[in-house]
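**Q** Have a look at this one before I ask anything.
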Amino acid sequence: MTTTTADRAVVADSRAPRERAPEGRGVATVAHLALILWSLLVILPLVWTVLSSFKSTQEVLGNPLSLPGQLRFENYVNAWTTAGIGRYFANTVIVVGTALVLVMILGAMCAYVLARFSFPGNRLIYYSMLAGLTFPVFLAIVPLFFVLKNFALLNTLPGLIITYVAFALPFTVFFLHSFFKALPHEIYEAAQIDGAGEWRTFFSVMLPMARPGMASVAIFNFLGLWNQFLLPVALNTDSKNYVLSQGMASFASQAGYAVDFGALFAAVVITVAPVLVVYIIFQRQLQVSVTAGGVK
């Protein structure tokens, strides 16, 4: 078969790089500028906070935008010990860590059953979970207060853990439901043929296959629980059981105008650092799960 000159021209033209239309270039330029502006709005305050955490109060008030004269690491020591941030940090790790483990286990089990099994009331339970996402937190404060008080869990870390789990569970079920529903049914049948029971099939086969979704919802839950403020303020008024959000508010207000701003900014860095570390470590899993969810 011979190739004509016209055919060769068509092939060459198809292989040549296509130039982006002027409208496409304009949209891309605007998008990049918007992303750069947004990045600056996020990064610059964070950098300023880190630099201010090494300054003295006089330097912060005298010239807030200047570089620190010397690195005052004692600000972090004062924040951790004198201001009690160390105790608040430990309380937060206990509450958020325990609540995160419980909500991931319970949420995954609930989402798996609702997605893979048909039984009377399945859709009612699922839509009830979705309704929990629309329920404002502040409307539940008063009922929660009396419920925890009646069970002797008010102003305790276990009471705060149970409350965190209850409010994070609907989102966890909603997020994981689509992941479990999209898993091939043939894999479940193969596990059953091999003699695996329901529990073994879930923990050894299905749960590992939903790992991208588990990682993403764990990150979202961690961020939400770590930064929670309204629930602990209303349900945990014992200063010994304060979490970081309460401790930061107390530290900022207890000294009036005599606040140690260097230690205050150091406390802010201590509070924000775990969130940044978790996101940096798990950002790839988050991107993978979002991509997988978009494909599904």
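The values are calculated or read from the model by the stated rules, or taken from the named source; none is laboratory data. Here the structure is a predicted model, which is why all the values come from computation and not from measurement. FYI the Cβ positions are ideal-geometry reconstructions off the backbone, even for glycines, and counts take in every protein chain you see. Keep in mind that these areas ignore ligands, DNA and RNA; they rest on the heavy atoms of the full protein, side chains included. Shrake-Rupley method; radii C 1.70, N 1.55, O 1.52, S 1.80 Å.
**Q** Looking at (i) 27.2, 108; (ii) 21.8, 89; (iii) 26.2, 90, which value of Rg and Dmax of the Cα atoms in Å comes from a calculation on the structure shown?
**A** Read-out taken from this structure: (iii).
**Q** What is the gain in length, in nm to one decimal, between residue 71 and residue 237 on full extension, counting 0.36 nm per residue of separation less the C-alpha to C-alpha distance? Working shown, then result.
**A** Working: separation 166, 0.36 × 166 = 59.76 nm, distance 3.53 nm.
Here the answer is 56.2 nm.
**Q** Right, next: Starting at the first residue of segment 69-76, write each ³J(HN,Hα) from the Karplus equation 6.51 cos²θ - 1.76 cosθ + 1.60 with θ = phi - 60°, in whole Hz, x for Gly and Pro.
**A** Along segment 69-76, the couplings run x, 8, 7, 8, 5, 5, 4, 5 Hz.
**Q** Let me ask something else. In percent, how large is the relative contact order of segment 75-293, given Cα pairs closer than 8 Å and 6 or more residues apart? Could you put the intermediate results ahead of the total?
**A** Working: 194 pairs, mean separation 75.5, N = 219.
It rounds to 34 percent for segment 75-293.
**Q** Next question, about the same structure. Which value at 222 nm does the chain reach when only helices count, each DSSP H run of 4 or more adding -39,500 (n - 2.57), with the total divided by all residues and rounded to the nearest 500 deg cm²/dmol?
**A** Details: 14 runs with 216 residues, N = 296.
Helix-only estimate at 222 nm: -24000 deg cm²/dmol.
**Q** Give me a comma-separated list of calculated 3J(HN,Hα) values for segment 101-115, in order, Karplus coefficients 6.51, -1.76, 1.60 applied at θ = phi - 60°, integers in Hz, x for any Gly or Pro.
**A** My calculation for segment 101-115 gives 4, 5, 6, 5, 5, 5, x, 5, 5, 5, 5, 5, 5, 5, 8 Hz in order.
**Q** Once the piece of chain linking residue 119 and residue 209 is laid out straight, how much longer is it, given 0.36 nm per residue of separation minus the C-alpha distance between them? Before the final figure, lay out the partial values.
**A** On the way: separation 90, 0.36 × 90 = 32.40 nm, distance 2.37 nm.
Here the answer is 30.0 nm.
**Q** So, in nm, how far is label residue 138 from label residue 49 when the simple model puts each one 7 Å beyond its Cα toward the Cβ?
**A** The answer from the label model is 2.3 nm.
**Q** A further question follows. Out of the total accessible area of segment 75-293 (probe 1.4 Å, heavy atoms of protein only), what percent is carbon and sulfur? Let's see the in-between values first.
**A** Values: 7970 of 11210 Å².
Reported share for carbon and sulfur atoms: 71 percent.
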